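Participant: One structure is given below, represented as C-alpha cells, and several questions about it will come after.
The values are calculated or read from the model by the stated rules, or taken from the named source; none is laboratory data. Just so we're clear, the structure is a prediction, and the values are computed from it rather than from any experiment. Positions of Cβ are generated from backbone atoms using ideal geometry, with glycine treated the same way; all protein chains shown enter the neighbour counts.
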Amino acid sequence: MVNDEEVDILLNDLFEVHGYDFTDYSRASLKRRINRLFELDRFPSFAEFRYKIRSQQDYLKRFVEEITVNVTEMFRDPGFYKTLRTQILPVLATYPLIRIWHAGCSTGEEVYSMAIVLKEANLLHKSLLYATDINPNVLQRGMEGIFPLSQMKQYSENYIQSGGINEFSSYYSAKYNSAKFDEQLRSKVIFATHNLVSDRSFNEFQLILCRNVLIYFDKDLQDNVFSLFDQSLETLGFIGLGSKETMRFSSVGTKYRQLDKEKIWRKMS
Amino acid sequence: MTTNCNLLVIGGSAGSLEIISNILSNLKTDLRFPVIIVLHRKSHVDSILTDLFSSKTTLPVKEADEKDFLEAGCIYIAPADYHLLVENDRTLSLDFSEKVNFSRPSIDVTFQTAADVFGNTVACLLLSGASSDGTEGLKMVKNRGGLTIVQSPSTAEVAYMPQQAVSAVQIDFIIDAADIPKFINGFSDVPNNSLK
C-alpha cells in the first residue's frame with residue numbers, strides 16, 4: 001500500500017516534473033484513489049509506480065484522471081435546477097448575453113443539463129457556456145455528448161423533478177448502449193482545460209457553477225478558488241455549489257447573500 | 001493488548017435502523033469519543049434521518065459536513081450520496097466518487113480511512129444488512145490493531161452483511177443486538193478507555 005510519505009513524494013514529483021499541484025487537495029480521498037490506481041494497474045513496487053508517473057506522459061494523464069473524481073450526473077439535486085429555472089434564469093434573461101462558467105465540469109453532464117434548462121427558457125441562443133476541467137480526456141467525452149443509456153432512466157426522473165416539461169428522450173438519440181445528446185445543446189458550449197489551483201480568471205460571468213469540486217480541496221485552496229470566482233463574477237451574479245458546500249466560511253463570503261436554503265449565492269457588492 | 005477507543009464507527013444497512021435508534025437511546029451522555037454512523041439508504045437528500053436520530057439522545061447529532069472536526073460525545077451521520085472519509089488531522093471529508101459495493105456512502109470507505117488515521121484506537125461495528133459492504137474495512141481495522149465488532153448474525157434482521165464479515169475477518173466481539181448499547185457504554189467506563 002502507498003503510505004503517507006510516498007503520497008508526499010508523488011505529489012512533489014507531480015509538481016516539480018509536471019507542474020500539477022495537488023498538495024492542497026484533501027488527503028484521505030487522494031490517498032485512497034492513488035492506492036486504488038496502484039492496485040488496479042498492478043504495480044509490483046512503489047518505485048515502479050513513481051518511475052512511470054515521472055517519465056511517461058501517457059501514464060501521467062491516466063494518473064491525473066484517476067486520482068481526481070470524475071463522477072457526475074445530469075440534473076443532480078433536481079431542486080437546484082428547479083431554483084435555476086424559477087429564480088435565476090428570469091434574472092439572467094435580462095442580459096443581452098448570458099455568460100456561464102462550469103468550473104470542474106468533468107464529462108459535462110451538468111453542462112448539458114444547463115443547456116436544456118436554458119433552451120426551455122428560450123435563452124440558449126444568447127448564452128455562452130464555458131465548461132472547464134483539469135483533465136483533457138474527460139472534456140473530450142463532454143464534447144462528444146455521449147453518455148451511457150443505462151443512466152437515462154435516472155436522469156429522466158431528475159429532469160422531471162427539476163420542472164422539465166418535455167419528453168427527456170427528445171434530447172438524445174439512443175444507439176446501442178449510448179445516448180447521444182442533440183448537437184444543438186452544445187453549440188453554445190466552449191470546452192477548455194483549466195486548473196483551478198494554478199490558472200487565472202479568464203472572463204467575467206453572471207453565473208458560475210462549481211458543484212462537488214471544492215469538497216476535494218483543503219480550506220486554503222477553497223478560499224483561493226472562491227477569490228478566483230469572485231474575480232470572475234459580475235456584481236449581482238450567482239455562484240452555485242454542491243449540496244454539501246458553502247461560501248459561509250470564505251474570506252469573500254461577506255459580499256454574498258445565500259438564496260433561501262439553496263446552494264446558490266448572489267454577489268451583492 | 002490494550003485498545004483505547006478514540007473513535008467508534010457504526011456501519012449499517014437493511015434492518016439496522018432500529019438497532020441504531022436503540023443504541024442512541026441508550027448511549028451514556030458523557031461519551032468520551034465521537035461516533036460516526038454510516039447507514040445505507042436511498043440516495044435522495046434527507047435530513048429526516050438526522051432528525052430521527054437526534055430525537056433518541058441528548059448528545060449532539062449532526063449530518064457530517066466536510067472539515068468537521070471530530071469532537072468527543074458528538075454523533076456524525078454520513079450524508080446521503082457521499083462517501084465519508086476521516087483525515088489525518090481528525091477532520092472529516094466528503095467524496096462523490098464511484099459507489100463501492102453498490103453503495104454511497106460506503107461503510108468500507110469510512111472504516112478504512114478511520115483505521116488509517118486512528119489505528120489501534122478505533123472501534124468499528126458492523127450491523128444487519130444485505131450487502132457485502134464493511135468486510136474489507138474491518139480487515140483493515142483488524143490489520144491496524146483496531147477493534148472489530150459485529151452484530152451476531154442470528155440477531156440480525158438481515159444476516160448477510162455481518163455473516164460475510166464473520167467468515168472473512170477475525171472479529172474481536174460478536175454481540176447480540178440487545179447487548180450492543182451496554183457494550184459501547186463500556187468503552188467509556190474503563191479507566192483511560194482501555195479495553196480488552
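Participant: Can you go through B:GLY145, B:GLY119 and tell me which one is under 17 Å from B:PHE187 (Cα atoms), away from chain A (no Cβ under 14 Å) and surrounded by fewer than 24 Cβ atoms within 10 Å (Cβ to Cβ)?
Facilitator: B:GLY145
Participant: Quickly run through the stretch A:198-215 and pick out the residues that are of a type outside the set (Gly, Ala, Ser), part of a loop (DSSP other than H, G, I, E, B) and under 22 Å from A:TYR256 (Cβ atoms).
Facilitator: Once the filter is applied, which keeps residues that are of a type outside the set (Gly, Ala, Ser), part of a loop (DSSP other than H, G, I, E, B) and under 22 Å from A:TYR256 (Cβ atoms), the stretch A:198-215 yields A:ARG200, A:PHE202, A:ASN203, A:GLU204, A:ARG211, A:ASN212, A:VAL213.
Participant: Can you tell me how many residues within the stretch B:5-23 are surrounded by fewer than 24 Cβ atoms within 10 Å (Cβ to Cβ), small (Gly, Ala, Ser) and closer than 17 Å to B:ALA159 by Cβ?
Facilitator: Count: 2.
Participant: Would you check if B:PHE187 is among the aromatic types (Phe, Trp, Tyr), within 14 Å of another protein chain (Cβ to nearest Cβ) and touching a residue at least 40 places away in the same chain (Cβ under 8 Å)?
Facilitator: No; evaluated as a whole, the condition is false for this residue.
The rows are residues; the columns are (1) assigned to a helix (DSSP H, G or I); (2) touching a strand residue (DSSP E or B) at 6+ places or on another chain (Cβ under 7 Å); (3) of a type in the set (Gly, Ala, Ser); (4) under 23 Å from A:VAL197 (Cβ atoms).
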position: A:LEU60; (1), (2), (3), (4): yes, no, no, yes
position: A:GLU65; (1), (2), (3), (4): yes, no, no, yes
position: A:LEU84; (1), (2), (3), (4): yes, no, no, no
position: A:GLN87; (1), (2), (3), (4): yes, no, no, no
position: A:ILE116; (1), (2), (3), (4): yes, no, no, no
position: A:TYR130; (1), (2), (3), (4): no, yes, no, yes
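Participant: Would you point out the residue of the stretch B:165-191, among those that are modelled with pLDDT of 95 or more and in a loop (DSSP other than H, G, I, E, B), that is surrounded by the most Cβ atoms within 10 Å (Cβ to Cβ)?
Facilitator: B:VAL169
Participant: Looking at the stretch A:36-80, which of its residues are within 18 Å of B:ARG104 (Cβ to Cβ) and of a type in the set (S, T, N, Q)?
Facilitator: Matches in the stretch A:36-80: A:THR68, A:ASN70, A:THR72.
Participant: Among the numbered criteria (1) at pLDDT 95 or above; (2) surrounded by fewer than 20 Cβ atoms within 10 Å (Cβ to Cβ); (3) among the aromatic types (Phe, Trp, Tyr), which one does A:TYR176 miss?
Facilitator: Failed condition: (1).
Participant: A further question on this structure: Name the strands (runs of 3 or more DSSP E) wholly within the stretch B:1-83 that hold at least 1 residues that are within 19 Å of B:VAL117 (Cβ to Cβ)?
Facilitator: The qualifying strands (runs of 3 or more DSSP E) are B:7-12, B:35-39, B:75-77.
Participant: Continuing with the same structure: Find the residue count for the stretch B:81-102, including only residues that are facing another protein chain (nearest Cβ under 8 Å) and of a type in the set (Phe, Trp, Tyr).
Facilitator: Residues meeting the conditions: 2.
Participant: Here is a further query. Being outside any helix (DSSP H, G or I), of a type in the set (Asp, Glu) and surrounded by 16 or more Cβ atoms within 10 Å (Cβ to Cβ), is that true of even one residue in the stretch A:22-43?
Facilitator: Scanning the stretch A:22-43 turns up at least one residue that is outside any helix (DSSP H, G or I), of a type in the set (Asp, Glu) and surrounded by 16 or more Cβ atoms within 10 Å (Cβ to Cβ).
Participant: Further question: Considering only residues that are more than 14 Å from chain B (Cβ to nearest Cβ) and of a type in the set (Asp, Glu), which ones fall in the stretch A:202-228?
Facilitator: Of everything in the stretch A:202-228, just one residue is more than 14 Å from chain B (Cβ to nearest Cβ) and of a type in the set (Asp, Glu), namely A:GLU204.
Participant: I would also like to ask the following. Cβ-Cβ below 9 Å, separation at least six or inter-chain, first residue in the stretch A:140-168 and under 13 Å from A:GLU73 (Cβ atoms), second surrounded by fewer than 14 Cβ atoms within 10 Å (Cβ to Cβ): which pairs?
Facilitator: Pairs that qualify, where the first residue is under 13 Å from A:GLU73 (Cβ atoms) and the partner is surrounded by fewer than 14 Cβ atoms within 10 Å (Cβ to Cβ), are A:PRO148/A:ASN177; A:SER150/A:ASN177; A:MET152/A:SER169; A:MET152/A:ALA174; A:SER156/A:GLU167; A:SER156/A:SER169; A:TYR159/A:ASN166.
Participant: Just for the stretch A:234-266: of the residues that are surrounded by fewer than 16 Cβ atoms within 10 Å (Cβ to Cβ) and closer than 20 Å to B:SER93 by Cα, which one is farthest from the other protein chains (Cβ to nearest Cβ)?
Facilitator: My answer is A:ARG248.
Participant: Yes or no: B:PRO162 within 24 Å of B:GLY73 (Cα to Cα) and in a helix (DSSP H, G or I)?
Facilitator: Taking the combined requirement at face value, the residue does not satisfy it.
Participant: Got a sec? Which of B:ILE20, B:ILE37 is touching a strand residue (DSSP E or B) at 6+ places or on another chain (Cβ under 7 Å), farther than 29 Å from A:THR246 by Cα and more than 14 Å from chain A (Cβ to nearest Cβ)?
Facilitator: Unique residue meeting the criteria: B:ILE20.
Participant: Within the stretch A:43-62, can one find any residue that is within 13 Å of chain B (Cβ to nearest Cβ) and not hydroxyl-bearing (Ser, Thr, Tyr)?
Facilitator: no
Participant: Still on this model: Would you be able to say whether some residue in the stretch B:103-112 is in a helix (DSSP H, G or I) and at the interface with chain A (Cβ under 9 Å from one of its Cβ atoms)?
Facilitator: Yes - at least one qualifying residue is present in the stretch B:103-112.
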